[in-house]
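Reviewing the structure listed below.
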Amino acid sequence: MITTIFIWLQAAVIPASVISARAGTVESVAPVVETTTGRAVRLDRLSPALPIVVRDDGPGRFVVAVFDVAIALSDQVPYARIGTSVIPLGGSPVADRNGLLVPLQVVSELLPRLLPSRLAFDPVRNELRVTAPAPAPRSRTRRRVVVDAGHGGPDNGMTGPIGGRNKIREKDITLAVSLELARSLRRRGVEVTMTRTRDTLIGLYDRGPIANEAGGDLFLSIHVNAANMRWRRPGDARGFETYFLAEAKTEDERRVERMENEAIRFETAAQAPKDDPLSFIIHDMAQNEHLRESQELAAAIQDGLGKVHPGPSRGVKQAGFVVLTTAFMPAVLVEIGFGTNVAEARYLASTSRQREIAEAIADATMQYLERYERRLGSAGR
């Protein structure tokens, strides 16, 4: 639908005080108002002539759905995001207590450009014409989950346990659990994409784009934890924890962040995001859209693992994992246990326990997806 990241649009000159949408004999009219960034309109006022839903997606974030196109907008940010493409706007959306005001350009240029076979703008009449009827409701499309087995190839991840004879490598455990997780999800009718299915190195900055290109609904990254050797009794550390992407707040969260991000040293051509203001805005928009959902997904998985895991729950945590930064969907990193602990390493190496862990994560994933879809249905009514 959009072949380039940037489409430079010029705002139309619309002197009238109202703008309308028309579908056959049905007409909806919305007033044009002045904001600090220019003339704007409330898109939801153009319903029912225009099949549109405006969903509040968290503080200052909104998703606008028109026909089968979803547009992510943020308060005071002059960009719109559709999938992985970002489009500059002539002005910024403005959120107030009554909802969202968007630049007139969204109605006069962006929507007709995105949906040329369904929408056309008449600048003389200040009218957005719906030239094709809204599609009949479709049955729910199949869900797709991207499963990421941490580490791989020359990157073994952690090796443990401390003082134990039977050593495990993180890359082997994560792959075994991820393969079981993929099988479990597929049995439930979920489409699964794996970032790796064998012992190979996948760059940290490449894993998210794999998920985006696959059209994933969720991103699950599986890892094994390791104790800080400076702890008083590091071999005693046990338990499981699930992370979502946000700034680490505690020293332990920063420790795990450093440990997992250290894998980038194995990459010969890691492509980090460009360090410029526009890249930062684009990246921040894409990630913030899914922050709340990622946190809820992490909580669901943590609760699910608590039903089967012998170790203590270490809770839902947050950190700046590189592997999560480029996955533009709800995304979590699951530390399924401490490979540095003798008993927990033996537990993680057991084929039956790997299957049990995978089933618990799959159960939690399905429960989350069902709740998420119910929320979407409520927002659309």
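Here are a few things to note about the model shown:
- Evaluation of R165 against (1) at pLDDT 95 or above; (2) more than 23 Å from the chain's Cα centre (by Cα); (3) basic (K, R) (one fails), failing number: (1)
- Considering only residues in region 306-325 that are open to solvent by 20 Å² or more (accessible area, probe 1.4 Å) and part of a loop (DSSP other than H, G, I, E, B), the one that is modelled with the lowest pLDDT turns out to be G320.
- Within region 89-132, considering residues that are within 24 Å of the chain's Cα centre (by Cα) and among the small types (G, A, S), the one surrounded by the fewest Cβ atoms within 10 Å (Cβ to Cβ): G99
- For L100, the test of being over 16 Å from V18 (Cβ atoms) and part of a strand (DSSP E or B) is passed.
The values are calculated or read from the model by the stated rules, or taken from the named source; none is laboratory data. Treat the numbers as computed from the prediction; the structure is a model and nothing was measured. Here Cβ is always computed from backbone atoms with ideal geometry, including for glycine, and neighbour counts include all displayed protein chains. Just so you know, the surface numbers come from the protein's heavy atoms only, side chains and all, with ligands and any DNA or RNA stripped out. Shrake-Rupley method; radii C 1.70, N 1.55, O 1.52, S 1.80 Å.
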